[in-house]
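What follows is a set of notes on a single structure, which appears directly below.
What follows is calculated from the coordinates using simple rules that are stated; it is not laboratory data. Remember, it's a predicted structure, so these values are computed and weren't measured experimentally. Using ideal geometry, Cβ is built from the backbone for each residue, glycine included, and neighbour counts are taken over all protein chains shown.
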Amino acid sequence: MNTQPTPKALCRCAMKLTAGLLVGVTTSLLLAWERTEEPPTPETLIVASSTDAATASFRFASDQAGVRYETRLDGGVWTTARSILELDEQAEGEHRLEVRSRNAAGLTDPTPMLKTWTTAAR
């Protein structure tokens, strides 16, 4: 998070002309300090999960309102998801679901939640 002040210089110049001659120049320099802080990154939670022989269901939440969720299954690509994810007909074996949230500022949870489970042979 950047908390260093950022200077903004404002210069006001006023010139007085009398009969076409420069009588005086008044210059004032104002230095304003503005603190800039990045919004916090969202935190993601898997608040509920259920897995059985062939299906899996998950519900997500975030500490920030208005986020979008993204999921990655078994090391694949990140895809947009709703706050509830239902998976049917999972292949036999170990599975891995990662979930992250992205806020309105475009910041993504740097530590996605991870859920692993095993689907047994049917």
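Listing for the model above:
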{"read-out": "Label-reachable residues, segment 80-102, where backbone N falls under 13 Å from a point 7 Å from residue 50's Cα toward its Cβ", "value": "85-87"}
{"read-out": "For segment 44-119, fraction of C-alpha pairs farther apart than 20 Å, in %", "value": "26"}
